[in-house]
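Novice: One structure coming up, written as structure tokens, with questions to follow.
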Amino acid sequence: MRKVTIIVMAAVIVLFLASWILKAGAFQGEHDHYIIRGFLVTFAAFLTLAVMSFLYQDNPYYKFAEHLFVGVSAAFWMCMGFWTTIVQNLVPRLSTSLADFFEVPQRAEGLNFFFYTPVILGILLLLRLSRKIGWISRWPLAFIVGTTAGLNFIRYLRSDFIKQISSTFVPLLGRDWEGIGAFFSNLDLSATGQLVMMVSNWVIFLGVFCGLIYFYFSREHKGVFGAGSRVGIWILMITFGASFGYTVMGRISLLVGRITFLFRDWLELI
Amino acid sequence: MRRAIPLTILAVVGTVLIVSVFLPPLENLGEDFTLFFDIIAVFAFFLGGGNLVRIHFNKLWRKRKDWGFSIVTLFGFFFMLVIGLLKIGNPGGIGADPTAEGSWFQETFNYVINPLQSTMYALLAFFVASASYRAFRAKNREATLLLLAAFIILLGRTPFGVMLTAWVPESWSIAQIPNLAVWIMNSPNLAGQRAIIIGIGLGVVSMSLRLILGIERSYLGEDRG
């Protein structure tokens, strides 16, 4: 190990311990378990800084945080699945004694042995870890894929196809149309005004139409069709730009959250 | 056996779920199958966990590069698994909500998973900003539109954007940057998203049909046995 690495590691350990002691002292009187609380806040700050250190370059502190994240989150989702699905939904359908043990309410309709099927399929899925009989895990996999296909067929047809098309047919003169005279006498460019509403509805209707033209590849994009396709590209470009801006702002708000944690909860500077 | 049974299972399950929407007596079957899916998915989580342990034990055993970090993964995994499954420190005991306030499981989520997860995502802000600085060039009309939309959305969600156009009168309020940002999100962005969503919907429906009819078989893997 290089001398610099050892010095940095020693400095990190000393800072960690100092922070732990100071935070525990700050929590004394506020919390019963102030030593543990001090450790947790210090550890969370350490993990935040360890992940941020990747901005400089890949380093052992980032790798530590990354590996810890993988292990802890895998176990977290396993536990959540066990308690929310297996215990809450499966156990009361299969065994009264187990339901009593886990203190979950028994079902009014009684036991349902049909629910042994997913347990058997689930156990078969675990056979994937075996090289010799791993192929049996295709059966539960087929069940999962089949359920996804069957559910998505209807769900997407309803929500992503029919509903989206029906929502596109909006009144192009606006909902509160009171005639051409009233329209011109109330003409302004306020965000909630009738003109803006009308333009919005036109943009939505033509935008969806032209966007779909762009995605239609069975005909050459020439003439009127080509013009529609070009407008479709413009609409899609605005969409990508807006999505990009929205995503960046979401990430920045997360960053603000972490910086607030560091300066308020950990360092108590703000 | 290796291909015929999974193909049959998929076809039957998929068809039953589609038919159950049209036949009220089969409606419960559809709900049961959805629950079956959730239960098998939990076993899939366990499979994923088992695989993670196997890979990291293997790395540790063979002392491969960065094997020391595998200890961190395994320690984190088993620590979380034990406190989560045994509900250690949960004030409500075995019958309580696993995420009850004060339980070790919830504290580990609050002070380990949450900071790691949000910092990982926050890190993307830097990479996206640096990538967009290099990639975004108003070279043509399309690129300019993308750039402008992104710029207005970013500006519209900051106090600076509000301040910049606060002088614009109410009768022209659409020209105020925050209002313009909202309009872009609710009109052209909605239209574009909708066109994409309709395309995705059609894609999912056709893929579901291909799976149920046994045309799409890639999920079975490469083994042709």
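The values are calculated or read from the model by the stated rules, or taken from the named source; none is laboratory data. From a predicted model like this one, the values you see are computed outputs, not experimental measurements. Methodologically, a virtual Cβ is constructed for each residue, glycine included, from the backbone with ideal geometry; neighbour enumeration extends over all protein chains shown. Keep in mind that these areas ignore ligands, DNA and RNA; they rest on the heavy atoms of the full protein, side chains included. Shrake-Rupley method; radii C 1.70, N 1.55, O 1.52, S 1.80 Å.
Novice: Please report, in debye to the nearest 20, how large the charge dipole of the protein assembly as shown is about its Cα centre when each Lys and Arg carries +1 at its beta carbon and each Asp and Glu carries -1 there.
Specialist: 2280 debye
Novice: Can you give me the Rg/Rh ratio for segment B:144-225, using Cα atoms for both radii and the Kirkwood formula for Rh? Intermediate results must be reported in sequence, preceding the final value.
Specialist: Working: Rg = 22.1 Å, Rh = 16.2 Å.
Looking at segment B:144-225, the ratio lands at 1.37.
Novice: Can you give the alpha-carbon Rg of chain A over 2.2 N^0.38 Å, where N counts its residues? Please list the in-between numbers first.
Specialist: Values: Rg = 29.5 Å, N = 270, 2.2 N^0.38 = 18.5 Å.
This ratio for chain A stands at 1.60.
Novice: Hey, how much of the P(r) for segment A:164-270 falls beyond 17 Å, as a percent of Cα pairs? Could the numbers behind the result be given before it?
Specialist: Working: 3979 of 5671 pairs.
Within segment A:164-270, distances greater than 17 Å cover 70 percent of Cα pairs.
Novice: Using a 1.4 angstrom probe and counting only protein chains, how large is the accessible area of A:F82 in Å², to 10?
Specialist: Approximately 50 Å² for this residue.
Novice: Same structure, new question: Send over the Kirkwood Rh of chain B, from the inverse of the averaged 1/r over different Cα pairs, rounded to one decimal Å. Please list the in-between numbers first.
Specialist: On the way: mean 1/r = 0.0413 Å⁻¹.
Answer for chain B: a Kirkwood hydrodynamic radius of 24.2 Å.
Novice: Loop-only check: which trypsin sites (Lys or Arg not before Pro) in segment A:1-98 are DSSP coil with at most 11 other Cβ within 10 angstrom? Before the final figure, lay out each step's value.
Specialist: Numbers: sites: A:R2, A:K3, A:K23, A:R37, A:K63, A:R93; in loops: A:R2.
Answer in residue order: A:R2.
Novice: Using only Cα atoms, locate the centre of segment B:37-114 and the centre of segment A:178-257, then give the distance between them in Å, rounded to an integer.
Specialist: With segment B:37-114 and segment A:178-257 each reduced to a Cα centre, they are spaced 46 Å.
Novice: If you project the alpha carbons of segment B:63-110 onto their three principal axes, what span does each projection cover, largest first, in Å?
Specialist: So the extents along the principal axes, rounded to whole Å, are 43, 18, 11.
Novice: Would you work out which of A:I86, B:I94, A:V199 lies farthest towards the positive end of the dipole of the protein assembly as shown? Charges go on Cβ: Lys and Arg +1, Asp and Glu -1.
Specialist: A:I86
Novice: When you have a sec, figure out the Kirkwood radius of the protein assembly as shown from all distinct Cα pair distances and drop it here in Å to one decimal?
Specialist: Values: mean 1/r = 0.0364 Å⁻¹.
Result for the protein assembly as shown, one decimal place: 27.5 Å.
Novice: Right, another one. How large is the direction-averaged shadow of the alpha-carbon convex hull of segment A:3-99, in nm²? Write out the running numbers ahead of the final one.
Specialist: On the way: hull surface 38.3 nm².
It is 9.6 nm².
Novice: Output needed for segment A:112-168: three equivalent-ellipsoid semi-axes, defined as square roots of 5 times the C-alpha gyration tensor eigenvalues, in descending order, whole Å. Intermediate results must be reported in sequence, preceding the final value.
Specialist: Values: eigenvalues 238, 41, 7 Å².
After diagonalising the Cα gyration tensor, the semi-axes are 35, 14, 6 Å.
Novice: Roughly how many Å² is the accessible area per residue of the protein assembly as shown, as a whole number, for a 1.4 Å probe? If you can, show how the numbers build up before the last one.
Specialist: Details: 27350 Å² over 495 residues.
Roughly 55 Å² per residue, with all protein chains present.
Novice: What is chain A's relative contact order, in percent, from Cα pairs under 8 angstrom and six or more apart in sequence? Intermediate results must be reported in sequence, preceding the final value.
Specialist: Details: 165 pairs, mean separation 25.7, N = 270.
Worked out over chain A, it gives 10 percent.
Novice: Continuing with this model, one more query. Considering only DSSP states other than H, G, I, E and B, which GluC sites (Glu not before Pro) in segment B:1-108 qualify as loop sites with at most 13 other Cβ atoms within 10 Å? Provide the component values of the computation, followed by the final result.
Specialist: On the way: sites: B:E27, B:E31, B:E101, B:E107; in loops: B:E101.
When the GluC sites (Glu not before Pro) of segment B:1-108 are filtered for loop state and at most 13 Cβ neighbours within 10 Å, B:E101 remain.
Novice: Additional query: Within chain B, which DSSP H helices have Cα atoms that stretch 18 Å or more along the helix axis and a mean Kyte-Doolittle hydropathy of at least 0.0? Mind showing how you got there, number by number?
Specialist: Numbers: long enough: B:4-22 (28 Å, 2.53); B:27-61 (51 Å, 0.71); B:67-85 (27 Å, 2.16); B:114-135 (31 Å, 0.60); B:141-156 (22 Å, 1.93); B:188-212 (36 Å, 1.23).
Result, helices passing both filters: B:4-22, B:27-61, B:67-85, B:114-135, B:141-156, B:188-212.
Novice: Something else: If you take all C-alpha pairs in segment B:1-114, what percent of them are over 26 Å apart? Intermediate values should be presented prior to the final figure.
Specialist: Working: 3130 of 6441 pairs.
Percent of Cα pairs beyond 26 Å in segment B:1-114: 49.
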